[in-house]
Number of protein chains: 2
Amino acid sequence: MPAYSHLLLAVDFSPNTGHIIDRGVELATAFGARISLVHVVEFAQVDLSNELVMPQELELDKELLNLAENRLRELAQKHGVEQHPRHVRQGSTKREIFNLAAEQGADLIVLGSHGRSGIQLLLGSTANAVLHGSPCDVLAVRVQN
Amino acid sequence: MPAYSHLLLAVDFSPNTGHIIDRGVELATAFGARISLVHVVEFAQVDLSNELVMPQELELDKELLNLAENRLRELAQKHGVEQHPRHVRQGSTKREIFNLAAEQGADLIVLGSHGRSGIQLLLGSTANAVLHGSPCDVLAVRVQN
């Protein structure tokens, strides 16, 4: 029985994210597994402001989501995985990746050892929170800073 | 080309460590990869005392190392991996696992998502130190607390 059947590749748009996709494809081939891609956009207003959400900020979020969808499609095409499902989510990176993995029945999350969507973002601030809440195994692919 | 050729399984003696070995064996089979096992004993005097090392403490360390070697052999036998190389190291868990992976040319470290030898121990105390120094990819196998 293969160890994993559905790999969820968590990508940002850092220079090394292509290596994570390529590694995910290698693993999926070895296991005969499915692949899905996810990119999480943190809300603009979370990053930029603690104030009430203004309509123009909601517009900005929509634009960021559209931009992310376009970039994810281009990245998928570049790495030959455009036929696989892609998900762009907004919110907390950790929560969205874990939730999506559970919803989609992914059994391995593949991400970078550094970077905006790297394993660091799946870790809590306390020792007990480390990878707490992950519905499945997590592979940290080594990437340079 | 298989993604990984040499898996280093980092085990402690928690109730779930057998699951990590079993998962490592599944993966090694899928990749046609080699397996090594490592257990790290942190020095007794580091845990128990900040004072100068006394001869009786060195004796205690030796006893702990012998105990660990015996337990690791029994664990390997129980999970059918007694033919694979086993390493018992003493010192910092993170440093010893990373050093051994580099020395042995391992290209995937497999460990638990919790526990004394879990991924938590490979993480530094600062964000930038996350998995810093790992010579290869790291798989965190989901285990219950």
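For segment B:23-44, give me the residue count where each residue is among the charged types (D, E, K, R), closer than 17 Å to residue A:139 by Cβ and touching a strand residue (DSSP E or B) at 6+ places or on another chain (Cβ under 9 Å). Please lay out each step first, then the result.
First, the residues of segment B:23-44 that are among the charged types (D, E, K, R): B:23, B:26, B:34, B:42.
From the residues that got through so far, the ones that are closer than 17 Å to residue A:139 by Cβ too are B:23, B:26.
From the residues that got through so far, the ones that are touching a strand residue (DSSP E or B) at 6+ places or on another chain (Cβ under 9 Å) too are B:23.
Residues that pass the stated criteria total 1.
Residues of segment A:4-15 that are surrounded by fewer than 22 Cβ atoms within 10 Å (Cβ to Cβ) and within 13 Å of chain B (Cβ to nearest Cβ): A:5 alone.
Since every read-out is calculated from the coordinates, none of them should be taken as a lab result. Keep in mind that this is a model prediction, so the values were computed, not measured. With ideal geometry, Cβ positions are generated from the backbone for all residues, glycine too; neighbour counts draw on all protein chains shown.
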